[in-house]
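Inspection log for the structure reproduced underneath, given as structure tokens.
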Amino acid sequence: QVQLVESGGGLVQAGDSLRLACAASGRTFSAVGWFRRAPGKEREFVAAIYSNVGRTYYEESVKGRFTISKLNAKNTVYLQMNILKPEDTAVYYCAARATSYSGIPNSDRLYTYWGQGTQVTVSS
């Protein structure tokens, strides 16, 4: 059974940091992504990583502040979030794709498996 379990969310102040973790089990994945949904908004892409080659992608507003990485031994993907802003407040979801893909994995339609989400709240 495939499971993605996010952890690490919380309430922080603007300028603080958080590290989210996505623990995957049940199979291997070609790509893992992070998405977020802010109140009243559509779900949007945040970052993604190809498991085999480690290539990463970021949404423009988080470049330079967020870093996605993977720890293969634990089948875990992390999202290090620095210099957090109030507009980063959202529920963050981990998503995984099983089959190979060569393009930019920034669409939620590319992902089959999803975690339950973890709340990140950034106060000003």
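The values are calculated or read from the model by the stated rules, or taken from the named source; none is laboratory data. Just so it is clear, the structure is predicted and the values come from calculations on it, not from any experiment. Backbone-built Cβ (ideal geometry, glycine too); neighbour counts: all protein chains shown. The accessibility values were calculated without ligands, DNA or RNA, using every heavy atom of the protein model including side chains. Shrake-Rupley method; radii C 1.70, N 1.55, O 1.52, S 1.80 Å.
Relative to the Cα centre, what is the charge dipole magnitude of the range 54-107, using +1 at the beta carbon of each Lys and Arg, -1 at the beta carbon of each Asp and Glu, and rounding to the nearest 20 debye? Please list the in-between numbers first.
Working: 7 positive and 4 negative charges, 54 e Å.
Rounded to the nearest 20 debye, it is 260 debye.
Rolling a 1.4 Å probe across all protein chains gives residue 108 an accessible area of roughly 50 Å². Using a simple spin-label model with pseudo-atoms 7 Å out from Cα toward Cβ, residue 119 and residue 27 lie 3.2 nm apart. With Cα atoms as the point set, the radius of gyration and Dmax of the chain evaluate to 13.4, 41 Å.
Please work out how much length the chain gains when fully extended from residue 3 to residue 65, using 0.36 nm per residue of separation minus the C-alpha to C-alpha distance, in nm with one decimal.
On the way: separation 62, 0.36 × 62 = 22.32 nm, distance 2.76 nm.
19.6 nm is the gain from fully extending residue 3 to residue 65.
Rounded to the nearest 20 debye, the dipole magnitude of the range 31-124 is 200 debye, with +1 charges on Lys and Arg beta carbons, -1 on Asp and Glu beta carbons, and the Cα centre as origin.
Placing +1 on the Cβ of every Lys and Arg and -1 on the Cβ of every Asp and Glu, with nothing else charged, gives the range 1-78 a dipole about its Cα centre of roughly 160 debye.
What order, most packed first, do the peptides 22-29, 38-45 have when packing is the mean number of other Cβ atoms within 10 Å of each residue? The partial results should precede the final answer.
Values: 22-29: 17.0, 38-45: 11.4.
Output ranking for 22-29, 38-45: 22-29, 38-45.
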